[in-house]
Amino acid sequence: ADDANLEADVTEASPAVTGYEEHMSTALEPFLATLASLNGEKMGECIREAWVAIGAIIAAASTSKKPAEVTTALMPFLKPVQDSVGKIRKMRLPRELDHHQRSIEELMGVLSWVVIDKTPVPAIKDTVGAAEYYSNKIRKEYKGKNETQIAFCDQLKALILHLADYVKQYHLTGLSFNFKGGAFPSAPNSNAPVVETPKAAAAPVVAATATAKAPASSSGGINAIMAELNAKKTSSGDSAATGLKKVTKDMQTWRNEYKGSGNVASTTAPKAKVAAPVPKTAVKKSFPPVCKFVDVGAKWVVEYQTKTSNTLDGKSALTIEMTDPKHQAYIYKCENITIDVKGKCKGLVIDGCKRVNVLFDDIISVVELVNNKNIAVQTRGVLPSVSIDKTDGCMVYLSKASVGVTNFVTSKSSEMNVSWPEEGAGGEEYKEKPIPEQFLHKLVDGAITSEVSELYS
């Protein structure tokens with residue numbers, strides 16, 4: 001009867017599970033419906049798969065004790081989440097969904113709360129700013145024009161905050177487990193028992209009972225040992241130890257060890273030295289270089305280009321000819337190469353590149369620099385705006401036509417510089433200034449005011 005009551009307690013519906021189902025129906029489903037109306041069904045499917053995977057973790061934790069290594073135990077359950085994030089990042093979507101895709105990539109970061117101990121709620125709320133960096137661009141573009149786009153932005157933020165409220169109520173200091181439950185399952189929907197390191201103090205009662213009831217066997221245990229010793233007794237009653245040599249004091253090596261003598265004969269063979277394992281060097285996965293025009297989004301896709309994939313006049317270079325001002329270019333994971341974009345175009349996105357130089361003519365909208373290192377861009381015409389995000393080391397060269405026109409939007413970036421031409425005594429000269437990274441903020445009359453640090457004065 002006691003076992004039946006305990007099983008009922010473990011399998012009883014958990015408030016945390018019920019609350020999570022309510023969270024999905026209240027906050028997630030309306031957001032996915034809005035996303036689907038914006039032709040984002042594929043992203044919506046990935047988001048739902050990830051949220052369902054987190055629900056499986058919550059359900060498993062509600063019937064299980066807390067494992068010794070929570071992160072390790074959760075890894076099989078988190079694989080669908082990782083797969084969904086990877087699918088979203090690799091999607092090639094129309095240009096008008098670029099900001100939606102990036103805001104959703106930031107949104108997916110909230111699901112890491114299940115492996116955060118002590119403070120999961122602040123970690124969730126920190127995601128709001130990163131997601132709004134892109135959703136605010138959508139809001140700015142469609143304000144007063146498209147209410148569905150505005151609803152997407154509102155519901156994205158509401159989803160994050162609703163999840164934070166749910167976690168605050170049921171998992172305030174980390175993922176909640178059931179101290180009456182069993183071992184945490186090794187994989188989702190697995191009926192196989194979980195193998196754990198046994199503890200002597202927690203030996204199974206069933207096993208102990210079975211051992212106590214097992215009949216004595218002459219083929220094992222203490223009975224087998226006694227039977228063998230009795231069989232070796234002689235007819236005169238001598239034991240199996242009769243005839244063995246006596247160990248004298250001078251043969252007892254422990255005495256010299258106790259006195260600290262170094263002349264103790266070794267009683268065991270020296271252990272062979274085990275060679276230290278050679279650390280494996282990470283093999284960098286290579287991808288074939290891509291340079292092609294795709295109709296979806298009307299853009300050039302330039303990926304994985306390096307200094308050896310293209311050459312021009314003996315130098316690493318690649319040229320793209322823009323034939324329509326509505327076209328744009330997406331440059332991804334290129335290294336040690338110069339890319340020359342000829343002709344007027346809508347915009348450029350440079351993502352995940354290292355030591356890359358990009359030259360271009362007139363830009364209609366914006367040049368976006370994301371996740372780059374040591375990159376330089378130069379305009380030969382008009383450049384209205386430059387967006388720099390998560391980039392370390394950036395040089396922007398402006399033309400005469402862009403001086404006084406170009407604006408810069410920066411976020412989480414460092415070592416940013418801008419250079420522009422000015423007429424000097426010796427003719428045209430280029431001046432260079434850093435883009436400020438440090439600011440002085442003050443609370444004045446209930447509002448935050450910001451000033452550039454004196455370092456840049």
Practice problem: Could you identify the single residue in Ala68, Ala50, Ala33, Ala59 that is out of contact with any helix residue (DSSP H, G or I) (no Cβ under 6 Å at 6 or more places or on another chain) and either part of a helix (DSSP H, G or I) or within 20 Å of Val167 (Cβ to Cβ) (or both)? | Solution: Ala33
Quiz item: Got a sec? Which of Lys307, Lys333 is basic (Lys, Arg) and more than 26 Å from the chain's Cα centre (by Cα)?
Solution: Lys307
Quiz item: Can you name every residue in the stretch 427-441 that is of a type in the set (D, E, K, R) and not in a strand (DSSP E or B)?
Solution: Glu437
Quiz item: How many residues does the stretch 404-430 hold that are surrounded by fewer than 12 Cβ atoms within 10 Å (Cβ to Cβ) and either at negative phi or at pLDDT 90 or above (or both)?
Solution: 9
Quiz item: Which of the helices (runs of 4 or more DSSP H) contained wholly in the stretch 84-177 include at least 2 residues that are over 19 Å from Leu28 (Cα atoms) and among the charged types (D, E, K, R)?
Solution: 127-142
Quiz item: Of (1) more than 29 Å from the chain's Cα centre (by Cα); (2) surrounded by 14 or more Cβ atoms within 10 Å (Cβ to Cβ), Val386 satisfies all except one. Which?
Solution: (1)
Practice problem: Those residues that are out of contact with any Asp or Glu (no Cβ under 7 Å at 6 or more places or on another chain) and within 21 Å of Asn407 (Cα to Cα), I need them from the stretch 436-454; list them, please. | Solution: Pro436, Glu437, Gln438, Thr449, Ser450, Glu451, Val452, Ser453
Practice problem: Show the residue pairs that are 6+ apart or on different chains and have beta-carbon atoms under 6 Å apart, the first residue being within the stretch 373-395 and closer than 20 Å to Lys137 by Cβ, the second being open to solvent by 60 Å² or more (accessible area, probe 1.4 Å) and part of a strand (DSSP E or B). | Solution: Ser385/Asn407; Val386/Phe408; Ser387/Val409
Quiz prompt | Members of the stretch 120-143 found to be open to solvent by 60 Å² or more (accessible area, probe 1.4 Å) and over 18 Å from the mean Cα position of the chain (by Cα), listed by number | solution = Asn136, Arg139, Lys140, Glu141, Lys143
Self-check item: Given (1) touching a residue at least 60 places away in the same chain (Cβ under 8 Å); (2) under 16 Å from Phe179 (Cβ atoms), number of the condition Ala53 does not satisfy
Solution: (2)
Quiz prompt | Wholly within the stretch 304-380, strands (runs of 3 or more DSSP E) carrying at least 3 residues that are open to solvent by 50 Å² or more (accessible area, probe 1.4 Å) | solution = 354-360, 373-379
Quiz item: What residue, of Ala61, Ala68, is open to solvent by 100 Å² or more (accessible area, probe 1.4 Å) and not acidic (Asp, Glu)?
Solution: Ala68
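The values are calculated or read from the model by the stated rules, or taken from the named source; none is laboratory data. As the structure is a computational prediction, the values presented were derived from the model and not from experiment. Please note: Cβ atoms are built from the backbone with ideal geometry, for glycine as well, and neighbour counts cover all protein chains shown. Quick note on the areas: whole protein, heavy atoms, side chains included, nothing else; ligands and nucleic acids left out. Shrake-Rupley method; radii C 1.70, N 1.55, O 1.52, S 1.80 Å.
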